[in-house]
Structure formats: structure tokens, C-alpha cells
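Q: The structure's right below; bear with me while I get my questions together.
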Amino acid sequence: MFGYLRPESSELRVREFELYRSVYCGLCKSMGKDYGLLTRLTLSYDCTLLAMFAVSLRSECSHVRDGRCVFNPMKKCRFCSSEGEGFRFAGAVSVIMTYYKLQDTISDSGFFKRTAARAGRLFVKGSYKRAEKAYPDIAAAVSDMIASQQQAENDHSGIDASSDPTATLLSKLCISLSEDEGQRMVLSRFGYFLGRWIYLMDAADDLEKDIKHNNFNPFRKYFEGDLFSAMEYCNSVLNMTVSQLVLAYDLLELDSYKEILDNVMYYGLSFQQKHCLFSKNNKKKCSKKEKDHYNYLSKGEKRS
Amino acid sequence: MNDPYKVLGISPSASDAEVKKAYRELAKKYHPDKYADSPLAELASEKMKEVNEAYEKILNDRKNGVSGSSTSGSGYGSSGYSDAGASSYANTYGSDSVYQQIRRMINEGNFGQAENALSGIPSDSRNAEWYYLMGVVYYRKGFLEDAYNYFQTACRMDPSNVEYKSMFSRIQQQRSTGSGSGFNASGAASQAACDCCDICACLMCSDCLCRSCG
């Protein structure tokens with residue numbers, strides 16, 4: 001996945017921030033135990049969030065322990081671990097997603113990237129086999145997603161149809177987190193818009209690059225020579241997705257990590273959106289007036 | 001029934017003002033207007049009911065058994081919002097029976113069937129209602145951009161219809177502000193211009209009024 005789902009740290013309490021860090025480190029450790037040292041490198045913010053949702057929705061008991069980081073033994077870390085399946089589930093998703101992403105790169109990149117991806121795949125393959133065996137449903141869902149994504153891009157689909165595969169995948173993953181009928185319904189909608197947001201966010205982020213390299217991008221139709229107004233359009237599409245996402249999120253029955261998850265949903269998403277669309281991109285190229293506007297938008301007012 | 005204090009997310013020692021505040025916030029969160037046309041409307045109204053009941057129970061308990069009609073304190077009566085999701089398609093606006101049937105399908109949750117029925121209507125006899133209903137089907141499916149375009153067309157074809165207009169303005173609100181909070185406002189409209197000239201003009205005006213510059 002892409003790492004857009006992270007909390008806005010300026011809005012977190014210190015203890016919440018430490019807890020978040022310990023979940024990240026704990027997930028890293030759990031992945032190392034289940035799938036080997038190298039797969040720890042595939043860990044992303046998105047999967048950390050998924051682990052927190054899994055633990056929170058199933059009311060799993062979690063505890064924090066002190067230890068040292070594997071990659072930097074000088075650094076002391078706290079590790080969060082849970083009694084149930086939550087961390088394992090997120091680790092498996094991370095490994096499986098990475099494997100398919102490498103597969104995807106092999107099939108549609110240039111020579112150098114392809115070779116690097118082949119080497120990477122060689123390393124992940126063993127872990128992937130193990131994850132696939134433990135969670136065959138996830139592997140099947142991801143491979144479906146890759147196939148229908150390919151199809152959608154070949155058809156040059158619009159915004160809705162091209163984001164549908166990722167949205168459906170996340171919807172399937174989220175549904176599996178609860179047994180309760182009502183919650184499953186909420187989760188299906190929640191996952192759908194979460195996936196849609198991630199996909200569209202990535203598309204908006206890559207828009208400039210895709211135009212340069214003449215790649216497929218669902219927002220390309222809305223680019224008429226001016227990147228800024230295209231970004232404003234992307235922003236309104238993403239805004240609408242976030243508001244639907246929050247509607248579903250408000251109905252979830254969450255247990256632990258509620259403050260951090262609230263932070264991601266209410267602040268983190270909007271912040272990422274602003275950061276990627278208005279302050280990261282091509283600040284150098286635009287005129288002074290536009291630059292002021294970018295600055296204005298990226299600062300913005302926080303909600304009261 | 002669950003512990004009413006837990007439902008409102010407060011401790012039993014909370015003051016009356018705190019109870020009221022917590023209730024107001026939750027009532028805003030689960031307000032049926034926000035969930036109109038969403039497949040989650042029913043779940044939201046259940047939550048709303050739970051919150052209403054919890055609030056009433058706390059009020060009653062605190063009045064310490066003062067008898068009878070004690071609902072006067074609740075801002076949002078439980079009866080008002082309990083069936084908002086279910087009734088939204090009962091109104092017909094004098095449309096012919098095909099669209100009534102389709103509305104029924106949407107109400108029952110048969111979106112695939114409704115979409116097929118809508119696609120079956122020849123393109124030269126599609127009116128504003130056709131576009132509106134198609135928008136509803138896509139909205140529920142999560143295809144928000146297509147839904148947006150359909151609602152827009154419906155409003156253009158029949159600008160006087162209140163149902164279409166309220167749906168469309170709700171969506172526009174979502175597009176401009178994200179979670180409906182004014183947090184992620186975009187566009188030139190939100191840009192506040194303030195330069196030297198503005199400051200000078202402002203000072204001059206205020207000086208005229210109250211001689212603030214002596």
C-alpha cells in the first residue's frame with residue numbers, strides 16, 4: 001500500500017503518539033517472527049492502521065513491552081503486541097500486497113526496474129507462500145484486485161470504475177474483521193471508501209508524473225494545462241470520499257486505540273490530502289500568487 | 001438496556017451540563033440528515049434511538065422519580081428521527097408507475113434490479129426523475145462521481161424540485177468541505193485577501209467614524 005493513512009502527529013497526545021509508535025514497532029516484530037527478517041522492510045503506515053482496526057474491532061487485549069530495535073540496536077523501543085490475530089492479519093496483508101506489487105512491476109516496467117523487482121520477489125516469495133497458506137482469502141482477493149485493476153486501466157475507465165478494484169479489496173479485508181452482522185455492513189462501506197480514497201489519493205499524487213510519462217491516470221481527463229485547477233478538482237473528489245468514509249466510521253464500535261483512529265479519520269486524511277495536493281508538488285514552478293494560495297491551503301484552519 | 005452513561009461516553013458523576021453536551025455531540029454525529037440516502041441510514045437511526053433513550057433515562061433518573069412526562073428536556077425527541085431512512089422514497093411527486101416501482105426496489109435494497117430497470121428505459125424518454133434515481137443507485141454503490149453527475153443533470157432538468165435540489169446541495173457541501181466540518185475548504189472563495197491597501201482603507205474608515213488616529 002502507499003502510506004497515506006497516518007495520524008496527524010501535531011494533534012496527538014504524547015502518550016497516544018508513543019502508543020502508535022509501539023504498535024508500529026510491535027507489528028514490525030510480529031512480521032519478523034512470522035515471515036522473516038526481510039519482510040519487516042515492507043511495513044507501511046497503512047498496515048499499521050489496519051492492525052489497529054483489527055485489534056480494536058475485535059476487542060483484543062494488547063500490552064506494551066520494552067525492547068530494542070532490530071535494525072538499530074542502539075535504539076530502545078516499546079513493542080505493542082496483542083493476544084489475538086490482529087497483528088498477524090495485518091502482517092499477512094503487507095506481505096501479500098508487496099508480493100503482488102512486485103509482480104505488477106515486473107509485468108509493466110522498464111528493464112532495470114523489472115530486474116530489481118525480480119530480485120525482490122525472490123526474497124519475498126517464501127514469506128508470501130507462508131502468508132498465502134495462512135490467509136488464502138486475502139491472497140485470492142488481492143490477485144482479483146490486480147486483475148480487475150489491469151482491466152480497468154486498459155479500458156481507460158473513469159474515476160469511479162478505476163478506483164473500484166482497490167475499494168472492493170479493502171472492503172473485503174475490512175469485512176473479515178468482525179462477526180457481527182450490522183458491523184460487517186458498516187465495515188463493507190467503510191472499507192470501500194477507504195480503498196477508494198487511497199487509490200484516488202495515489203492517482204492525484206502521481207498525476208504530474210503520469211502526464212509526463214504518458215501513463216494511465218483517472219484524473220488526466222480533468223487536466224487542461226493547469227495543474228493547480230486539476231488539483232482542486234481532485235481535492236473535491238477526495239473530500240466527498242472522506243465525508244462518506246467518516247459517516248461509516250462513526251458507526252463502528254471501536255474499543256482500544258480509539259483516539260488514534262479518530263485522529264487519522266478526522267485530521268490525518270485531510271492533512272495528507274492537503275500536503276500531497278497543494279504543498280508538496282511543484283511549488284517552484286508556479287507563480288507567486290499561486291504559491292501564496294498553496295501556502296494558504298496547506299496551512300488552513302483546523303476544525304474547531 | 002446498556003448503561004446510559006456508557007452510551008453517552010461520560011462518567012456517572014458528570015454534571016448536567018456535561019450530559020447535555022455529550023448528548024448534543026452524539027445527536028449531531030448520528031443525525032439522520034447526514035445519513036439520508038446512505039445504506040447505513042437504518043443503523044444510524046438505531047444509534048440515534050439508543051442515544052435518545054440513554055439521555056432520557058439519565059434525565060429521568062436525575063429527576064429522582066418525579067412522575068410522568070419527563071421528555072420535555074430532550075432536544076431531539078426519539079419519535080422524530082426514528083424512521084427517517086425508511087420513509088424517504090415513499091413520496092412520489094406525481095410520477096408515473098415505472099419510477100414508483102423503481103423507488104420501491106431501491107427501498108428494498110435491490111440496486112442491481114433498479115439499475116437494470118432504469119437502463120431499460122429508452123434514452124429519449126428519460127426525465128429528471130430518471131437521472132435522480134440513477135444518481136441514488138450509483139450513490140449507494142459508492143460510485144460518487146457518476147452519482148454527482150446524475151444529480152447535477154436532474155437538477156438542471158427540473159430546477160424547481162426540492163428533493164433533487166436538497167440532495168445535490170448536500171453533495172456539493174461534502175465536496176467542498178470533506179467531513180462536513182469546514183476543515184478542508186478549497187478554492188479561491190476561501191482565500192481571504194488582505195494587503196496594505198485594505199489596511200489603509202480600514203484605518204481611514206475607522207478614523208472617520210471614531211477619530212481613532214487622533
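The values are calculated or read from the model by the stated rules, or taken from the named source; none is laboratory data. Values in this document were obtained by computation on a predicted structure and should not be read as measured data. Every residue, glycine among them, receives a Cβ derived from its backbone with ideal geometry; neighbour counts consider all protein chains shown. To get the accessible areas, we keep the full protein, side chains included, count just its heavy atoms, and leave off ligands, DNA and RNA. Shrake-Rupley method; radii C 1.70, N 1.55, O 1.52, S 1.80 Å.
Q: Carbon and sulfur: what percent of the stretch A:9-285's accessible surface (1.4 Å probe)?
A: Summing carbon and sulfur atoms, their accessible area is 53 percent of the total for the stretch A:9-285.
Q: Counting only heavy atoms of protein chains, what accessible area per residue, in Å², does the stretch A:167-289 have with a probe of 1.4 Å?
A: 37
Q: Work through the residues other than A:Ser81 whose Cβ is under 13 Å from its Cβ and net out their charges, Lys, Arg +1 and Asp, Glu -1.
A: 0
Q: Based on the mean of other beta carbon atoms within 10 Å per residue, what is the order of A:155-162, A:261-268, A:167-174, most packed first?
A: Taking the mean over residues of other Cβ atoms within 10 Å, the ranking is A:167-174, A:261-268, A:155-162.
Q: Enter the accessible area per residue of the stretch A:71-113 (Å², integer; probe 1.4 Å; all protein chains in place).
A: Result: 55 Å² per residue.
Q: Still on this structure, please answer the following. Hey, can you rank B:42-49, B:124-131 by average C-beta count inside 10 Å, highest first?
A: B:42-49, B:124-131
Q: Given 0.36 nm per residue, what is the gain on full extension from A:Lys221 to A:Asn72 after removing their alpha carbon distance, in nm?
A: This chain segment gains 49.0 nm when fully extended.
Q: Among A:Leu254, A:Leu269, A:Leu187, whose mean-square fluctuation peaks in a Gaussian network model of chain A (Cα, cutoff 10 Å)?
A: With Cα springs under 10 Å in chain A, the top fluctuation among A:Leu254, A:Leu269, A:Leu187 is at A:Leu254.
Q: A further question follows. Based solely on its DSSP helices, what 222 nm [θ] is calculated for chain A when runs of n ≥ 4 H residues each add -39,500 (n - 2.57) and the sum is averaged over all residues, nearest 500 deg cm²/dmol?
A: Using -39500 (n - 2.57) per qualifying helix, the result is -22000 deg cm²/dmol.
Q: In peptide A:232-241, what is the residue-averaged number of other protein chain Cβ atoms found within 10 Å of each Cβ?
A: If you average over the peptide's residues, the count of other-chain Cβ atoms is 6.
Q: For peptide A:242-254, how many partner chain Cβ atoms fall within 10 Å of a residue's Cβ, on average?
A: Other-chain Cβ atoms within 10 Å of each residue's Cβ, averaged: 6.
Q: If you count, for each residue, the other Cβ atoms within 10 Å and average over each peptide, how do B:100-110, A:50-60 line up from highest to lowest?
A: The densest-packed peptide leads the list: A:50-60, B:100-110.
Q: OK, next. Report the Rg/Rh value for the stretch A:9-285, based on alpha-carbon coordinates and the Kirkwood definition of Rh.
A: Rg divided by Rh gives 0.96.
Q: Which value in nm describes the separation of the simple spin-label points at B:Gln113 and A:Glu85, placed 7 Å from the Cα toward the beta carbon?
A: It works out to 3.4 nm between the two label points.
Q: Specify the residue with the greatest mean-square fluctuation among A:Pro165, A:Pro73, A:Pro218, computed from a Gaussian network of chain A linking alpha-carbon atoms under 10 Å apart.
A: Fluctuation is largest for A:Pro73.
Q: Ordering B:Phe111, A:Phe71 by how much accessible area each has at a 1.4 Å probe, largest first, what is the list?
A: Largest to smallest exposure gives the sequence A:Phe71, B:Phe111.
Q: What percent does the relative contact order of chain A come to when contacts are Cα pairs within less than 8 Å and at least six residues apart?
A: 20
Q: Dipole size in debye (nearest 20) for the stretch A:9-285 around its Cα centre, Lys and Arg Cβ +1, Asp and Glu Cβ -1?
A: With Lys and Arg at +1 and Asp and Glu at -1, about 1540 debye.
Q: Defining a contact as two alpha carbons under 8 Å apart and six or more residues distant in sequence, what relative contact order in percent does the stretch A:84-211 show?
A: Relative contact order comes out at 18 percent.
Q: Evaluate peptide B:137-149: per residue, the Cβ atoms of other protein chains within 10 Å of its Cβ; return the mean as an integer.
A: Averaged over the peptide's residues, the number is 5.
Q: OK, next. Leaving out ligands, DNA and RNA but keeping every protein chain, what accessible area does A:Tyr24 have, in Å² rounded to the nearest 10, with a 1.4 Å probe?
A: 80
Q: Among A:Val64, A:Val246, what's the order by accessible area (1.4 angstrom probe), most exposed first?
A: These residues rank, largest area first, as A:Val64, A:Val246.
Q: Could you rank A:Arg65, B:Arg140, A:Arg220 by how accessible they are, 1.4 Å probe, largest area first?
A: So the residues, ranked largest to smallest area, are A:Arg65, A:Arg220, B:Arg140.
Q: Sticking with this one: What residues have an amide H closer than 5 Å to that of A:Cys77, excluding those fewer than 5 places away on the same chain, when H is modeled at 1.01 Å from N in the peptide plane?
A: For A:Cys77, whose amide H was placed from the backbone, the distant partners under 5 Å are A:Gly67, A:Arg68, A:Cys69.
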